[in-house]
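Presented below is the structure to which this report refers.
The values are calculated or read from the model by the stated rules, or taken from the named source; none is laboratory data. Small disclaimer: the values here were computed from a predicted structure and weren't measured. A quick note on method: Cβ atoms are made from the backbone with ideal geometry, for glycine too, and the neighbour counts reach across all protein chains shown. Only protein heavy atoms, including side chains, enter the accessible area calculation; ligands, DNA and RNA are left aside. Shrake-Rupley method; radii C 1.70, N 1.55, O 1.52, S 1.80 Å.
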Amino acid sequence: MIVKIPKRCLFLVALAALPVGQGTLLAQPAQPASTTRQLSLEEALGLVVERSEAVRIAQAGAQRAAGQLRQTRSQLFPQLTGSLNYQRTLQSQFKAISSSVGDGGSGPPADSSGGDDIADNPLARIFASENTVTAGLQLSQALYTGGRLSARTRASEAAGQAARIGVTSAVAQAALDVTQAYYDALLAGRLVAIAESSLVQTERAFRQTQVGRSVGTTAEFDLLRARVTRDNQFPLVIQARTQRATSLLRLRQLLDLPLDQPIALTTELEGGAAATAAAVIEARGIDTSNVFAGRVDAPVDVNALLATHASTSSLVASTVQEADTAITSRAPVRQAEQALSAQQQLLRAQRAERLPSLSLSSLYQRFAYPVGGLPGLNEFFPNWTVSVGLQLPIFNGGRISGQIEEAEAAVAEARAQLRQAEELAALDVQLAVAQLEQAATAYAASAGTAGQAERAYSIAEVRFREGISTQLELDDSRLLLQQAMANRAQAARDLNVARTRLLLIHDLPLGAGQGGGAAPGAAGGPPGGGAAGSEPRARSASQTTPAAAAGGFTQQGTSGGITP
């Protein structure tokens with residue numbers, strides 16, 4: 001059986017990733033063009049649908065359900081069986097009796113072979129033949145079963161429909177997993193660049209301090225501080241590179257690529273949803289550089305302060321309109337509905353066990369009793385019977401009642417699970433929309449911050465070089481720059497993943513990707529904090545992320561906000 005994979009999932013993910021450009025950020029150190037594989041997000045989505053073990057398992061489940069349905073339906077049709085049997089009789093009481101009667105005696109003879117007598121006596125030939133060949137055809141047809149077969153057939157059809165929904169759900173989950181892994185790898189690569197840039201900055205500050213120390217304008221304490229600051233950056237760069245390698249390993253594992261094959265990610269981190277959010281900011285002409293102007297002692301309105309950042313309501317509204325967020329159309333709800341239908345049909349089949357069943361059977365046989373060698377066609381004797389049978393359970397010790405009670409409990413359980421799936425699906429949609437709003441707002445809030453922080457660091461570096469400011473001021477400016485750049489990269493990743501999740505929510509399992517605000521996992525484990533191939537889980541707010549490798553930061557919640 002070949003299960004068709006719906007193209008809806010890939011189409012929606014492609015929408016989330018448009019427009020796609022050739023990124024300048026390589027996910028790992030440059031390799032020769034002949035060995036490095038250029039990999040876009042669209043190509044990765046195509047590969048994961050073809051190679052995902054989870055999708056293959058779901059397809060096997062759908063094929064199994066189709067086979068079970070075919071077995072159930074077969075009981076509605078006539079059953080015809082052919083048979084051919086050969087029997088060799090070593091000793092026969094009929095042969096002994098025939099020989100005794102032929103000799104005129106009353107007891108068994110000493111030698112009861114009597115071959116000639118058997119050949120001459122037709123009855124003895126039948127009952128006392130040493131060789132018997134039987135060819136037969138048996139036909140059976142259920143005439144009335146009280147609805148048992150039809151109910152079981154409908155239950156199998158519902159189970160098959162649920163299995164097909166499971167294939168669609170597995171495709172959507174695989175698409176979301178590879179999207180998260182892809183953007184995790186892009187984010188890890190960006191954080192490597194941030195950590196390396198910080199190392200270069202601390203090296204320049206150290207050299208400038210050395211020059212000042214050599215001419216006697218800088219104290220030894222400042223030189224030691226600059227050296228320690230520079231040396232502390234080395235392990236952060238190594239950690240960031242390790243986490244980038246881990247993210248790429250996770251992506252290769254999802255795509256079933258060789259783990260040692262170099263790949264270059266060509267989709268931009270700030271493409272797709274991030275680019276759309278940036279367009280909203282630019283179109284509205286919102287200036288985020290000055291969030292408050294007025295009297296210093298004026299009361300601060302938090303909502304008004306947040307509103308000074310770019311409004312992302314249009315982006316969220318367009319994504320919600322594009323996505324199918326109807327509760328009844330969610331894959332888990334449809335699966336629960338099919339499960340309830342299957343249990344109801346099984347209950348009907350169990351209740352029908354109390355009703356009589358009527359069946360028709362016919363048996364046609366031809367017997368041959370060859371004396372030696374193969375029998376001829378004229379040596380076969382026909383035997384044809386037709387029977388109609390009626391079965392009615394009279395007493396079974398409560399077995400049928402127990403089966404009905406068990407089936408009723410299964411129906412009640414399936415009905416409660418359907419209600420639970422509907423409630424969780426409604427909550428899941430609301431959480432997905434809230435996650436998108438949060439990610440879009442965080443990305444809008446980061447607009448211009450990185451550029452302003454970079455400008456502030458340039459001024460601080462000049463002030464330090466001219467001896468106007470202290471090294472502490474330079475270090476603070478560097479940390480703010482790292483924080484702004486890491487926040488920007490994290491917000492871009494979260495926005496792209498959140499939009500993809502909402503577009504795929506029609507087919508996703510409940511709660512899939514709710515930990516979308518988490519960055520790639522720490523060194524030594526795959527993104528998501530679980531074993532390779534496991535379902536992504538929400539990450540603890542205090543868990544270390546690659547942002548820590550960029551300058552010693554930890555993630556707060558799922559918004560991508562990073563604080564020292």
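Give, as ranges by residue number, the residues of the stretch 347-368 whose backbone N falls under 16 Å from the point 7 Å along Cα→Cβ of Ala135. 364-368, by backbone N distance to the label point.
For the stretch 368-468, which GluC sites (Glu not before Pro) are in a loop by DSSP, counting at most 16 other Cβ atoms within 10 Å?
Glu466
Normalised by the number of residues in the stretch 357-417, the mean separation of alpha-carbon contacts (under 8 Å, six or more apart) gives a relative contact order of 35 percent.
For the stretch 391-431, the per residue solvent-accessible surface stands at 68 Å², with DNA, RNA and ligands left out and a 1.4 Å probe.
The solvent-accessible area of Phe234, taken with every protein chain present and a 1.4 Å probe, is close to 90 Å². The charge dipole of the stretch 412-486, taken about its Cα centre with unit charges on the Cβ atoms of Lys, Arg (+1), Asp and Glu (-1) only, comes to about 140 debye.
The accessible surface of the stretch 187-239, taken with every protein chain in place and a 1.4 Å probe, is 57 percent carbon and sulfur. Among the protein heavy atoms, those of Arg37 account for about 60 Å² of accessible surface (1.4 Å probe, every chain in place). Remark: the Ala60-Gln261 segment gains 69.4 nm on full extension, using 0.36 nm per residue and subtracting the alpha carbon distance.
Please give the FRET efficiency for Tyr144 paired with Arg51, using the beta carbon to beta carbon distance and R0 = 60 Å, rounded to the nearest 0.05. Can you show the working numbers first?
Values: r = 50 Å, r/R0 = 0.83.
Working from the Cβ atoms, E equals 0.75.
Between Asn232 and Ala326, the simple label model (points 7 Å from Cα in the Cβ direction) yields a spacing of 5.7 nm. Full extension of the chain between Thr35 and Phe94 gives 12.7 nm of extra length, using 0.36 nm per residue less the Cα-Cα distance.
On a 1.4 Å probe surface of the protein chains, which of Tyr182, Tyr369 comes out largest in accessible area, and what is the full order?
Tyr369, Tyr182
Label-to-label distance, Gln417 versus Glu379, with points set 7 angstrom from Cα along the beta-carbon direction: 6.2 nm. With both labels modelled 7 Å from their Cα along Cα-to-Cβ, the Leu392 to Arg73 distance reads 3.4 nm.
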